[in-house]
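The values are calculated or read from the model by the stated rules, or taken from the named source; none is laboratory data. It should be emphasised that the depicted structure is a prediction, and the values quoted were computed from it without experimental measurement. As a convention, Cβ positions derive from the backbone with ideal geometry for all residues, glycine included, and neighbour counts pool all protein chains shown.
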Amino acid sequence: MATSDEAGVLDGPPHQRYQLSPVGRHLVAASGEFVGTFFFLYFGYAGNLMAVLQAPYTAPNGGLASSTDIWIAVSYGFALLVNAWAFYRISGGLFNPAVSLGLCVGGQLSWTRAAFLFPAQVLGSICAGGLVDAMFPGKVEQANTLLGPNTSIARGVFLEMFFTAQLVFVVLMLAAEKSRDTFLAPIGIGLALFVALIPGVSVTGGSANPVRSFGCAVAGASFPGYHWIYWVGPALGATLAALYYRLVKRMHYEEANPGQDSPHEV
């Protein structure tokens with residue numbers, strides 16, 4: 001426990017407290033993004049791998065059973081919910097270059113901050129994949145994102161675009177837009193990923209996040225030839241969501257449905 005003298009230093013006037021430099025603030029945020037991305041994907045990959053290994057049966061087309069798809073969606077959705085809530089105060093709890101891109105295009109995040117967060121997200125995903133591969137039975141490549149039997153590369157790009165657009169728009173409206181419900185944003189964000197992955201797992205592997213696919217592929221040394229779609233699709237989706245967000249902001253969307261943040265019913 002701090003002594004009264006120590007407490008005085010910590011609680012003193014603002015000019016007596018240590019303040020981070022602009023670069024220092026970016027580095028602290030990057031550290032939170034690294035740790036948060038690691039935890040999010042460590043538990044996401046682990047849940048995915050265990051679901052695949054313990055799948056009771058496969059679908060007729062050779063894919064995963066629907067119950068396994070749901071378990072995988074739950075693993076990533078809830079891992080994102082918990083860690084976004086925990087790391088929101090440090091880095092914003094993004095854990096996803098596509099979300100960073102969407103926030104930048106939407107005017108809610110500086111490109112400088114995004115440049116610090118991106119390598120942290122990549123490194124966090126690789127570390128998560130490597131440790132899951134080392135600590136759990138099976139191989140982490142079994143959690144890789146792969147196109148379904150009837151999914152073409154072009155279709156995969158557009159599917160990933162729409163999955164990511166859903167996620168990024170939820171982030172913009174619930175977290176970037178401040179309201180009396182902002183503190184509940186992580187719930188909506190986690191559920192948005194869950195909703196996207198319910199149909200997504202069986203057709204594209206359900207990424208909506210470039211580093212989710214990249215970290216697993218690096219750790220498992222298994223890159224499909226179409227790995228690029230997990231970067232291009234989410235980038236397109238993030239941009240699409242951000243442009244619509246900017247449009248409704250410019251059109252003063254608050255006036256279309258007023259009173260949403262009023263403590264009394266309208």
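At-a-glance table
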{"read-out": "Looking only at the range 43-66, and only at residues there that are in a helix (DSSP H, G or I) and surrounded by fewer than 23 Cβ atoms within 10 Å (Cβ to Cβ), the one that is modelled with the lowest pLDDT", "value": "Ser66"}
{"read-out": "Members of the range 210-224 found to be closer than 14 Å to Val157 by Cβ and surrounded by fewer than 24 Cβ atoms within 10 Å (Cβ to Cβ), listed by number", "value": "Pro224"}
{"read-out": "Any hit, the range 124-144, residues being over 18 Å from Asn48 (Cα atoms) and of a type in the set (Val, Ile, Thr)", "value": "no"}
{"read-out": "From Arg212, Arg246, residue being assigned to a helix (DSSP H, G or I), closer than 22 Å to Phe78 by Cα and among the basic types (Lys, Arg)", "value": "Arg212"}
{"read-out": "Lone qualifier among Leu243, Leu191 - being touching a Leu at 6+ places or on another chain (Cβ under 9 Å), surrounded by fewer than 23 Cβ atoms within 10 Å (Cβ to Cβ) and modelled with pLDDT of 95 or more", "value": "Leu191"}
{"read-out": "Those residues of the range 246-263 which are exposed (fewer than 11 other Cβ atoms within 10 Å of the Cβ) and at pLDDT 95 or above, in sequence order", "value": "Leu247"}
